[in-house]
Amino acid sequence: MRVLVTGGTGYLGGAIVRALARGGHTPIVFSRRARQSDLPGLAIDGDVRDIAALSSAARGVDAICHTAALVSVWRPRSSDFDDTNVGALRNAIDVCRTIGIPRLVYTSSFLALPPADGDAPLEANDYQRTKVAAREIARRAAESGAPIVSLFPGVIYGPGEITEGNLIGRLVRDHLARRLPGLIGADRPWSFAYVDDVAAAHVAAITRPTVDREYVVGGENAPQMRVFEILRRMRGTPLPRRIPFGVARAIAAVEEARARLTGRPPLLTRGVVEIFRHDWSLEGGAAAAALGYSMTPLEQGLERTLAEKGRFS
């Protein structure tokens, strides 16, 4: 199959591109700097907000895997999130309809779902707000007959670049370098999804003839502190301190005020603190049954992550 992967140079996008190539498919990497990457397949420079560029890149493909997103805790212009996380999904849906592409796999986020301790999705920051809105767009498109499948990964971790899409990698790197101030919501559960497992789920959603509209692709559900307990055993590092929610909110308010004055991103926002208050456990049984999704245990996944040369030495 020929598969256009938007955001193909991103943390998860790159893993999907490599998984497609290993499976004998032809990935077409579409991003603003696709030709600067060393990923397998074809490379096309373009912006997902430009429907003409996206349509041109999609000619002759068998599927689109739409992973492109603006992943950030803050931007000076909140509309940047709408343009990329909502507008670009609309573009991908429109391109599939116009050209007649039979499969669109959309990478959503666990943050578009209600937390395990709540009944409705949160909209704590612009990233989460726009991912919630995009989920509704995908659902309406599926109801109207669009060939769209939405995947909801948990907190993705594993080997690879330390980017905003690789939160665990950044936390581990900072903790090992003694730069991590502490953890907010250390005892709140997350669903740790190993990056290659999530990539394999995307390939299955692209290539299997019959799929449902949505799949949760979580991983091991464990408290955030569990990552650092494993690090203590493997590297002998002490556990990070716990930052109370009240202290975190006060720091976030100051950081937000500084960001408004300087235009530089805050180190913490009140929206992030609110997200860390909740239980983000996930259930991946449907994906396991339909997509053959397997979940790497957290300890094994962290061992592979730390074994990557040059990242955490």
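The values are calculated or read from the model by the stated rules, or taken from the named source; none is laboratory data. Worth saying up front: this structure is predicted, and the values here are computed from it rather than measured. Here Cβ is always computed from backbone atoms with ideal geometry, including for glycine, and neighbour counts include all displayed protein chains. We work out accessible area using only protein heavy atoms, side chains counted, and drop any ligands, DNA or RNA first. Shrake-Rupley method; radii C 1.70, N 1.55, O 1.52, S 1.80 Å.
What to note about this one:
- Accessible area of segment 83-223 belonging to carbon and sulfur atoms, whole % at 1.4 Å probe: 47
- Between 0 and 90°, nearest 10: helix 167-176 axis offset from the chain longest Cα axis: 30
- In this simple spin-label model, placing a label point 7 Å from the Cα along the Cα-to-Cβ direction at both T163 and D62 gives a separation of 2.5 nm.
- Degrees, to the nearest 10: 88-99 long Cα axis against longest axis of the chain: 20
- Residue among G263, P159, A146 farthest towards the positive dipole end of the chain, charges placed on Cβ: G263
- Stokes-Einstein, applied to the Kirkwood radius of segment 193-313 over Cα pairs at a viscosity of 1.306 mPa s and 10 °C, places its translational diffusion at 91 µm² s⁻¹.
- Span from the segment 96-115 Cα centroid across to the segment 276-313 one, whole angstrom: 21
- Contour minus Cα-Cα distance for A116 and R90 (0.36 nm per residue): 6.5 nm
- FRET efficiency, D50 to R213 (Cβ-Cβ, R0 35 Å, nearest 0.05): 0.80
- Cβ-Cβ FRET estimate between L42 and T98, R0 fixed at 22 Å, reported to 0.05: 0.55
- Whole-Å distance, taken between Cα centres, linking segment 220-269 and segment 174-209: 16
- In the chain, helices alone account for a calculated mean residue ellipticity at 222 nm of -12000 deg cm²/dmol, with every DSSP H run of four or more residues adding -39,500 (n - 2.57).
- Length available on full extension from E308 to E283: 0.36 nm per residue minus the Cα-Cα distance, which gives 6.1 nm.
- Rounded to whole Å, sorted largest first: equivalent-ellipsoid semi-axes of segment 131-199, Cα gyration tensor: 32, 14, 10
- Once the Cα-Cα distance is subtracted from the 0.36 nm per residue extended length, the R264 to R77 segment shows a gain of 66.1 nm.
- Label point distance in nm, D187-R241, each placed 7 Å from Cα along Cα→Cβ: 1.9
- From phi via Karplus (6.51, -1.76, 1.60), per-residue ³J(HN,Hα) for segment 237-252 in Hz, x at Gly/Pro: 7, x, 6, x, 6, 9, 9, x, 4, x, 5, 4, 5, 5, 4, 5
- Taking the alpha carbon gyration tensor of segment 1-68, multiplying each eigenvalue by 5 and rooting it gives semi-axes of 16, 13, 9 Å, largest first.
- Dipole magnitude for the chain: about 800 debye, using +1 per Lys or Arg Cβ and -1 per Asp or Glu Cβ, origin at the Cα centre.
- On a per residue basis, segment 1-136 carries 41 Å² of accessible surface, using protein heavy atoms and a 1.4 Å probe.
- Inter-centroid distance (Cα atoms) of segment 142-163 relative to segment 12-52, Å: 15
- Cα gyration tensor shape of segment 159-199, rounded if a/c is under 1.5, else prolate or oblate by comparing a/b with b/c: oblate
- Efficiency of FRET between M225 and R178 - r from beta-carbon atoms, R0 25 angstrom, step 0.05: 0.90
- Of all DSSP beta bridges in the chain, antiparallel share, percent nearest 5: 10
- Rounded to the nearest 5, the antiparallel percentage of DSSP beta bridges internal to segment 102-241 is 25%.
- Helix 11-22 vs. the chain, principal-axis angle (Cα, 0 to 90°, nearest 10): 50
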